[in-house]
1. Check whether at least one residue in region 155-164 is β-branched (Val, Ile, Thr), closer than 26 Å to VAL121 by Cβ and within 23 Å of the chain's Cα centre (by Cα), and report yes or no.
2. Test ALA99 against the criterion of being surrounded by 10 or more Cβ atoms within 10 Å (Cβ to Cβ) and either at pLDDT below 95 or within 18 Å of GLY127 (Cα to Cα) (or both), and give yes or no.
3. State all residues of region 150-167 that are out of contact with any Gly (no Cβ under 9 Å at 6 or more places or on another chain) and either at pLDDT below 95 or among the basic types (Lys, Arg) (or both); if no residue qualifies, say none.
4. When you go through ARG91, ARG44, ARG74, ARG40 one by one, which is the residue that is modelled with pLDDT of 95 or more, farther than 20 Å from ARG152 by Cβ, among the basic types (Lys, Arg) and loosely packed, with under 11 Cβ neighbours inside 10 Å?
5. In region 146-162, which residues are over 27 Å from ARG202 (Cβ atoms) and surrounded by 15 or more Cβ atoms within 10 Å (Cβ to Cβ)?
6. For the subset of region 59-71 comprising residues that are surrounded by 14 or more Cβ atoms within 10 Å (Cβ to Cβ) and not charged (D, E, K, R), which member is farthest from ARG129 (Cα to Cα)?
7. Residues to consider are SER200, SER178, SER184; find the one that is over 19 Å from THR131 (Cβ atoms), among the hydroxyl-bearing types (Ser, Thr, Tyr) and in contact (Cβ under 8 Å) with a residue 12 or more places away in the chain.
8. Considering only residues of region 192-215 that are assigned to a helix (DSSP H, G or I) and within 19 Å of the chain's Cα centre (by Cα), which is surrounded by the most Cβ atoms within 10 Å (Cβ to Cβ)?
Amino acid sequence: MDAVSRAAWKRAFAGAALLALFAVIGAGTLALTEWLTRERIAARERVYTLETLNAVLAAARYDNDLMKDLITVREPELLGTPAPVPIYRARRNGRPVAAILLPVAPDGYSGPIRLMVGINVDGSVSGVRVTAHRETPGLGDGIEIGKSDWIRQFTDRSVSDVDEWAVARDGGEFDQLSGATVTSRAVVEAVRDALLYFDSHREQIFAAPTEPSPP
């Protein structure tokens with residue numbers, strides 16, 4: 001190999017090495033950015049979850065760590081999804097106060113509606129919030145607490161008379177949102193079914209061993 005060829009080879013090698021170095025640095029930067037972003041997103045999600053939990057059950061009512069007193073259950077018929085459904089358990093001085101279930105209303109007008117349902121140990125509703133939906137803006141989105149007070153009508157209700165758990169159009173006691181009967185019906189039925197699940201599994205819910213919190 002003559003001097004010219006060796007010089008060309010060295011330049012090519014140096015260029016390849018430089019490109020490889022840039023690739024390693026770039027990959028490392030992307031990995032670090034993804035890791036930092038994932039941590040921030042997870043932290044924001046935990047804050048949002050705790051804020052919503054406290055919206056359906058006042059923080060003053062319990063003294064345990066809700067985020068760590070968690071179980072998951074499967075009950076597609078009553079909880080609206082074949083996936084595991086989280087249940088957060090609230091206690092005060094070690095005694096059960098309430099459970100907060102995350103059921104799904106599978107038959108919303110525009111798709112599933114995800115809920116957070118707080119249920120006192122006596123079987124009454126402590127609060128309900130919608131956590132995700134795709135309902136029609138200006139109509140079905142009235143299920144959001146930021147859009148209307150419609151969701152508050154569940155507070156303190158129970159399934160002592162299950163036949164009343166329907167929207168007024170279906171002969172029940174719950175108001176429906178104007179122009180969004182399907183959405184209203186889906187939420188009413190999902191909250192009712194969550195109460196029925198709690199009523200028949202109350203002891204198991206509070207006795208089950210705690211599961212690891214989601215990351």
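The values are calculated or read from the model by the stated rules, or taken from the named source; none is laboratory data. Note that the coordinates shown come from a computational prediction; the quantities given were computed from them, not determined experimentally. A quick note on method: Cβ atoms are made from the backbone with ideal geometry, for glycine too, and the neighbour counts reach across all protein chains shown.
1. So far as region 155-164 goes, yes, one or more of its residues are β-branched (Val, Ile, Thr), closer than 26 Å to VAL121 by Cβ and within 23 Å of the chain's Cα centre (by Cα).
2. Numbers: surrounded by 10 or more Cβ atoms within 10 Å (Cβ to Cβ): yes; either at pLDDT below 95 or within 18 Å of GLY127 (Cα to Cα) (or both): yes.
Considered against the rule, which asks whether it is surrounded by 10 or more Cβ atoms within 10 Å (Cβ to Cβ) and either at pLDDT below 95 or within 18 Å of GLY127 (Cα to Cα) (or both), ALA99 comes out as yes.
3. Filtering region 150-167 for residues out of contact with any Gly (no Cβ under 9 Å at 6 or more places or on another chain) gives 153, 156-157, 161-162, 167.
Scanning region 150-167 gives ARG157, ASP161, VAL162.
4. Details: ARG91 fails: loosely packed, with under 11 Cβ neighbours inside 10 Å; ARG44 fails: modelled with pLDDT of 95 or more; ARG40 fails: modelled with pLDDT of 95 or more.
The unique qualifying residue is ARG74.
5. Just the residues of region 146-162 that are over 27 Å from ARG202 (Cβ atoms), to begin with: 146-150.
Answer for region 146-162, where residues must be over 27 Å from ARG202 (Cβ atoms) and surrounded by 15 or more Cβ atoms within 10 Å (Cβ to Cβ): LYS147, TRP150.
6. The selected residue is ASN64.
7. Matching residue, one of SER200, SER178, SER184: SER178.
8. Of region 192-215, the ones assigned to a helix (DSSP H, G or I) are 192-207.
Those left that are additionally within 19 Å of the chain's Cα centre (by Cα): 192-195, 197-198, 205.
Working: ARG192: 21, ASP193: 21, ALA194: 31, LEU195: 25, TYR197: 23, PHE198: 23, ILE205: 18.
Among them, the one singled out is ALA194.
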